[in-house]
Amino acid sequence: MPIHHQTEALELFCLAAARQAEATAAGTYRVGNKAYDQIIKAVKWLAANQAIPALCPLLHAENVGIRLWAASVLLPYGSPEAEEALAALASSASVHGLIAATTLNEWRAGRLQIIS
């Protein structure tokens, strides 16, 4: 289904990010992979429409997956809040904490690719 408006892209992003995080925790990689594809679809639409900053409010979302994905996408765009969000998530002793820590390490090492 094509995305026509920013609100649709953000809704897809949130739903898919939450689903992907749940799948990661549960070890259901097929569900996680499908959710990842939807996240990328939403991010590409946002990037093509110069709307990546619309992810900033999601850094404070209740859902860990939404915060993690929003921070990961915003990090290469120079968002200090994204780095702070990832650092806070990295302090968790969960799989999501490990992902956040790895994302920060890869960013600081210059190996994180921008999704566009």
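Details
- Candidate set from the range 35-63 (those that are in contact with a helix residue (DSSP H, G or I) (Cβ under 9 Å, 6 or more places away or on another chain) and assigned to a loop (DSSP other than H, G, I, E, B)); member that is surrounded by the fewest Cβ atoms within 10 Å (Cβ to Cβ): ASN49
- Picking from residues in the range 8-34 that are among the polar types (S, T, N, Q) and either in contact with a Cys (Cβ under 7 Å, 6 or more places away or on another chain) or in a helix (DSSP H, G or I) (or both), the one that is surrounded by the fewest Cβ atoms within 10 Å (Cβ to Cβ) is ASN33.
- Residues that are surrounded by fewer than 18 Cβ atoms within 10 Å (Cβ to Cβ) and either of a type in the set (A, V, I, L, M, F, W, C) or in a helix (DSSP H, G or I) (or both) within the range 75-89 comprise PRO76, TYR77, PRO80, GLU81, GLU83, GLU84, ALA87, ALA88, listed in sequence order.
For (1) farther than 19 Å from ILE3 by Cα; (2) touching a residue at least 12 places away in the same chain (Cβ under 8 Å); (3) among the aliphatic types (A, V, I, L, M), each residue gets a yes or a no:
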position	(1), (2), (3)
GLU22	yes, yes, no
GLY27	yes, no, no
ARG30	yes, no, no
PRO53	no, yes, no
SER72	yes, yes, no
GLU81	yes, yes, no
GLY110	yes, no, no
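Read-outs: derived from the displayed coordinates by stated rules, not from any lab. This structure is a prediction, so every number in the text was calculated from the model and none was measured. Backbone-built Cβ (ideal geometry, glycine too); neighbour counts: all protein chains shown.
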